[in-house]
Amino acid sequence: MSGPRAYSDPTPGPRALAAVLIACATLLGACSPTRVVGAGRTFQLALIEYRIVPDKVRAPAGPLTIEVHNYGRLTHNLQISQNGLANATTKPIAPGGTVQLDVTLAPGEYSLSSTILSDQALGAYGTLVITS
């Protein structure tokens, strides 16, 4: 005869949830279809350790609103640059934080990157194509 059974809570903890979110973002990022911005001229970007999701965005020229959320465990930021020159940069975004970046961009190809520490070198970058 065995003793009483220990109760174990089947609910996943915060680490399990974070792992699932990162795995989903990684899988979605691996597919990396181009996100096309519609008439509302607003889109969302997710920052995760060494990933920007989506990493390919196409939008019309003119004013854009980018809602940037940090799903990672480290602080990140978002910089939009063209030909090595920064056009716009968010302040550092703490884990779980969201900031809104309002920009007006002319047609061309821009880089999206997180420039804190070695984020960009480790894969936190993408492309924003602005069409006329």
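The values are calculated or read from the model by the stated rules, or taken from the named source; none is laboratory data. Quick caveat: nothing in here was measured; it's all calculated off a predicted structure. Cβ sites come from the backbone with ideal geometry, for glycine too, and all protein chains shown count toward neighbours.
Within segment 70-88, no residue that is farther than 13 Å from LEU105 by Cβ sits with its Cβ atom under 8 Å from a residue that is at pLDDT below 95 and basic (Lys, Arg) at 6+ positions apart or across chains. Listed conditions (1) within 12 Å of the chain's Cα centre (by Cα); (2) closer than 17 Å to SER132 by Cβ are all met by ALA39, apart from (1).
For (1) closer than 18 Å to GLY38 by Cβ; (2) of a type in the set (S, T, N, Q), each residue gets a yes or a no:
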position: PRO63; (1), (2): yes, no
position: THR90; (1), (2): no, yes
position: VAL103; (1), (2): yes, no
position: THR131; (1), (2): yes, yes
